[in-house]
Amino acid sequence: MFSCAIEHFITRNNYPHFTPKAVLFDMDGVLFDSMRGHASAWVKAMTEMGLPFTEHDAYMNEGQTGHATINNAFLKKYGREATEEEKQTIYKLKSDYFDDYGTPEPMPFAFELLQKIKRQGLQRIVVTGSGQPSLLSRLEHNFPGIFEKDKMVTAFDVKYGKPHPEPYLLGLQKTGLKPWEVLAVDNAPLGVESASAAHLFTVGLNTGPLEPEILSQAGADIILNSMQELFEKWDTLFK
Ligand code: MG
């Protein structure tokens, strides 16, 4: 079914083969159904600070660090970067609004897929631009026994963040594997761009309101619509 995409991926990167032994998962919009909360919190916080920002902007900016999103909004409105204090104030405001939104639910079929790939002996690593403490602590609560604390890349570990390849390269490093042994799953255009720039096979999981073409243009090797679809197709994916 996806043999064509895999063939292209191997040829494009000049890899000997593609045999996944680890999966790098983005968090928001992949493991958690949290993007509506993030988008709404961003719009509220930015608007309150006099910065024009729409829900569409939130989805297009998703994946990079919160500070980078704030910087972009300042550059757009004032033609200058945000100061450290402005970044911290707005990110705190956004985090508080996000917490008010309520506890995000795990994405349907995320735990089922994680358990399956654990049983199959594949490593599981989270690669997220989030620095949201409330959500990070929920990983163990919602997906017990799946992730190890030192095998995680968050906003605190990166200098550049997505769409730079850095976060996914750090994730790859933590696996100790070759790039043709690792698969990335991300829902955001900037996240897909990051994984693809790290030369990893990238599943674009289109769980939000954006057109799927945006994920293809960002470099997704294949595009699926949900974790349920990835779970159901998992065993045939790499045959
Ligand atoms: Mg995401």
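The values are calculated or read from the model by the stated rules, or taken from the named source; none is laboratory data. These figures come from a predicted structure and were not determined experimentally. We place every Cβ from the backbone using ideal geometry, glycine too, and count neighbours over all the protein chains shown. For accessibility, only protein heavy atoms count, side chains too; no ligands or nucleic acids. Shrake-Rupley method; radii C 1.70, N 1.55, O 1.52, S 1.80 Å.
Quick notes on this structure:
- Meets criteria (without any contact (Cβ under 8 Å) to a residue 40 or more places away in the chain and part of a helix (DSSP H, G or I)) for residue 216: yes
- Residue pairs meeting the criteria (Cβ under 7 Å; at least 6 apart or on separate chains; first farther than 11 Å from residue 151 by Cβ, in segment 19-30; second open to solvent by less than 10 Å² (accessible area, probe 1.4 Å) and among the acidic types (Asp, Glu)): 26/186; 30/186
- All conditions in (1) over 20 Å from residue 208 (Cβ atoms); (2) open to solvent by less than 30 Å² (accessible area, probe 1.4 Å); (3) out of contact with any helix residue (DSSP H, G or I) (no Cβ under 7 Å at 6 or more places or on another chain) hold for residue 25, with the sole exception of (1).
- Qualifying positions in segment 1-37 - part of a loop (DSSP other than H, G, I, E, B) and among the aromatic types (Phe, Trp, Tyr): 2, 15, 18
- Count - residues of segment 66-94 that are in a helix (DSSP H, G or I) and free of Cβ contacts under 8 Å to residues at least 12 places away in the same chain: 7
- The number of residues in segment 95-113 that are within 16 Å of the ligand (Cβ to nearest atom) and assigned to a helix (DSSP H, G or I) comes to 3.
- Flag if residue 109 is under 17 Å from residue 139 (Cα atoms), in contact (Cβ under 8 Å) with a residue 40 or more places away in the chain, within 21 Å of the chain's Cα centre (by Cα) and surrounded by fewer than 18 Cβ atoms within 10 Å (Cβ to Cβ): yes
- Considering only residues in segment 150-183 that are in contact (Cβ under 8 Å) with a residue 60 or more places away in the chain and of a type in the set (Phe, Trp, Tyr), the one that is nearest to residue 21 (Cα to Cα) turns out to be 180.
- Close contacts from segment 184-211, counting a first residue that is without any contact (Cβ under 8 Å) to a residue 12 or more places away in the chain and of a type outside the set (S, T, N, Q) and a second that is more than 11 Å from the ligand (Cβ to nearest atom) and open to solvent by less than 10 Å² (accessible area, probe 1.4 Å), with Cβ to Cβ under 6 Å and a gap of 6+ residues or different chains, come to none at all.
- Boolean, residue 3 is more than 15 Å from the ligand (Cβ to nearest atom) and of a type in the set (Ser, Thr, Tyr): yes
- Filter pass, residue 157 being open to solvent by less than 30 Å² (accessible area, probe 1.4 Å) and in contact with a helix residue (DSSP H, G or I) (Cβ under 7 Å, 6 or more places away or on another chain): no
- Condition broken by residue 97, with the remaining ones in (1) buried (at least 16 other Cβ atoms within 10 Å of the Cβ); (2) over 21 Å from residue 130 (Cβ atoms); (3) aromatic (Phe, Trp, Tyr) satisfied: (2)
- Looking only at residues in segment 52-93 that are away from the ligand (no atom under 16 Å from the Cβ) and among the hydroxyl-bearing types (Ser, Thr, Tyr), the one that is surrounded by the most Cβ atoms within 10 Å (Cβ to Cβ) is 91.
- Answer residue from segment 163-208, given it is more than 11 Å from the chain's Cα centre (by Cα) and among the small types (Gly, Ala, Ser) and is surrounded by the most Cβ atoms within 10 Å (Cβ to Cβ) among those: 171
- If you go through segment 124-144 and keep only what is over 17 Å from the mean Cα position of the chain (by Cα), open to solvent by 40 Å² or more (accessible area, probe 1.4 Å) and of a type outside the set (Asp, Glu), you end up with 141, 144.
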